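Have a look at the structure below, then the notes.
The values are calculated or read from the model by the stated rules, or taken from the named source; none is laboratory data. Keep in mind that this is a model prediction, so the values were computed, not measured. Cβ placement follows ideal geometry from the backbone for every residue including glycine, while neighbour counts extend to all protein chains displayed.
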Amino acid sequence: MPKLHLLSLDQKALEEFAAGHGEPRFRARQLHEWMYRHLETDFRRMTNLPKKWIEKLEADAEITTLTVQSRQDSVDGTRKWAFRTQDGHVFETVLIPSGDRRSLCVSSQVGCAMGCTFCRTATMGFIRNLTLGEIVEQIHYAARVVREEDGTRLSNVIFMGMGEPLHNLENVARACEVLNSEDGFGIGKGHITVSTSGIVPKIMEWAQRAPDFKLAISLNGSNDTVRSSVMPVNRRWNIASLLAAADDYIRITGQKLTFEYVLIRGVTCTPEAARELRHIAANRNCKINLIPLNKGENPALQPPDEDEILAFETILRQGDFEVLRRRPRGPDILAACGQLAI
Ligand code: SAH
Ligand code: SF4
C-alpha cells in the first residue's frame, strides 16, 4: 500500500484519516496545524503528538513525496527548483522576489499538451497531471524556503509554470482553496492567479467552480491567422469563441480579466496587431499584460527590440484599459515565462 500523501487532504479528510486510526478529531487538527502553521514535515518534531500516533503516521502517511533534483539561483534573486516525483518525473517551480513580495510560479502538469510554438515546455509534450498533493507540496516547500532564507511569507501564487491548469481543473481549484484557507496558507484570493491557453468550455467551468480567484488568458494573437500559427488551441477554439467565454467569465464572476500577450517580432508585435488588440480590449473589463518573448528553442521566433515594443505600447495605450509590461525574471537560469523544460 502506498503511503497517504497528507498534503492532499483537507481538514475534514484528515479527520476521517485520524478516525480510521482510532484517533479523536483534535489529533487531526493538531497535525493540520503542524503542517500548515509550522510548515513541519517530520512527524517526530510534532512535540504534542503521542508516540503511538506518530508511529502510525510514519507507517501509513507522508507529508513530502517530492525530492529536489536541482536548484538554481538567478543573479536577480529568482530561484528555480526541479522536483522529482515518486514515479520519476521532473517538473519545475520558480520563486520570484520583488521588493517585499514573494511570488511563486507553480506547475499544474509535468510537460504540456498545448504545443505553443514559442514555449519550451511544449517541447516536453504532455506527461501527466500533478496530483493535488504534489501541487500543494511545491508551495509548502517554497513557503519553508521563503521563511528560512527571506524571513517572510509567500504573497502571491501564479499557475504559470508547466502545464495547462484548466486541464487539471479540480486539483488546481482545490489547491487554490488550500492556498487561500486561513488554516492553509492564508493567501488572499486576489493574490492567486490561474493562467490558461484558452480551453473555452473549461473557462465556464472555472467561473462556476472558483469564481473568486484571478484568471489570465494567454491571447498571444490578435487575429485567428496569427493566433492559430503560434497556438494550435486556436484551431479548436477561435478568438471569437474565446472572447465569448471571456465575456461570460467577466459577467458571472464580476472580476477583471487579464489577457497575456507575448510579443514576437514581426508576428504578434506589429502596429496592425496593436490596433487589433486595442479593439479586442476596448469595452471589456480587462487589462493587458505584455510579455516580450523570452528566447527558446525556436530560432524562427525572435523578441522585438525596445523601439518596436514602445511603438506597440503607444498604439495600445490609446485605449481605455490598463497595459502592463512583464519584465523577464531569471532568464539566466531559464526561469522566465515559457522557459521551463526538462
Ligand atoms: N500554460 C499556461 C500558463 C503558463 S505560461 C498558459 O499558457 O497560459 C505563462 C505565460 O507565459 C503565458 O501567457 C504564455 O503565453 C507565456 N509564454 C510562454 N512562452 C513564452 C516565451 N517564450 N516568452 C514569453 N512568454 C511566454
Ligand atoms: Fe503549455 Fe502554456 Fe507553454 Fe502553451 S504557453 S505550451 S499552454 S505551458
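Only residues that are more than 22 Å from residue 113 (Cβ to Cβ), of a type outside the set (A, V, I, L, M) and out of contact with any Leu (no Cβ under 9 Å at 6 or more places or on another chain) were counted in segment 222-246, giving 2. Taking segment 286-324 on its own, how many of its residues are surrounded by 14 or more Cβ atoms within 10 Å (Cβ to Cβ), touching a residue at least 12 places away in the same chain (Cβ under 8 Å) and either more than 16 Å from ligand 2 (Cβ to nearest atom) or on the phi > 0 side of the Ramachandran plot (or both)? Here the count works out to 15. Being at positive phi and without any contact (Cβ under 8 Å) to a residue 24 or more places away in the chain holds for only one residue in 163, 151, and it is 151.
Based on this model, can you work out whether residue 3 counts as under 24 Å from residue 139 (Cα atoms), surrounded by 12 or more Cβ atoms within 10 Å (Cβ to Cβ) and under 30 Å from the mean Cα position of the chain (by Cα)?
On the way: under 24 Å from residue 139 (Cα atoms): yes; surrounded by 12 or more Cβ atoms within 10 Å (Cβ to Cβ): yes; under 30 Å from the mean Cα position of the chain (by Cα): yes.
Criteria met by residue 3.
The C-beta contact set for segment 46-68 (first residue farther than 18 Å from residue 14 by Cβ, second residue buried (at least 18 other Cβ atoms within 10 Å of the Cβ) and among the polar types (S, T, N, Q), distance under 8 angstrom, 6+ apart or interchain) comprises 66/85; 66/138.
Scanning segment 297-328 for residues that are modelled with pLDDT of 95 or more and either acidic (Asp, Glu) or under 21 Å from residue 69 (Cβ atoms) (or both) yields 305, 306, 307, 308, 313, 322.
Return yes when residue 201 is part of a loop (DSSP other than H, G, I, E, B), surrounded by fewer than 18 Cβ atoms within 10 Å (Cβ to Cβ) and over 13 Å from the mean Cα position of the chain (by Cα) and no when it is not.
When the stated conditions are applied, residue 201 does not pass them.
Residue 266 meets all of the listed conditions (1) closer than 23 Å to residue 120 by Cβ; (2) surrounded by 17 or more Cβ atoms within 10 Å (Cβ to Cβ) but one, namely (2). Remark: pairs (first residue in segment 116-127, on the phi > 0 side of the Ramachandran plot; second residue within 7 Å of ligand 2 (Cβ to nearest atom); Cβ separation under 8 Å; 6+ apart in sequence or on different chains) = 125/112. Among the residues making up segment 58-80, those that are surrounded by fewer than 17 Cβ atoms within 10 Å (Cβ to Cβ) and among the hydrophobic types (A, V, I, L, M, F, W, C) are 59, 68, 75. The residues of segment 204-233 that are within 12 Å of ligand 1 (Cβ to nearest atom), of a type outside the set (A, V, I, L, M) and either part of a helix (DSSP H, G or I) or under 15 Å from the mean Cα position of the chain (by Cα) (or both), listed by number, are 218, 227. Would you say residue 267 is within 16 Å of ligand 2 (Cβ to nearest atom) and not in a loop (DSSP other than H, G, I, E, B)? No: the conditions fail for residue 267.
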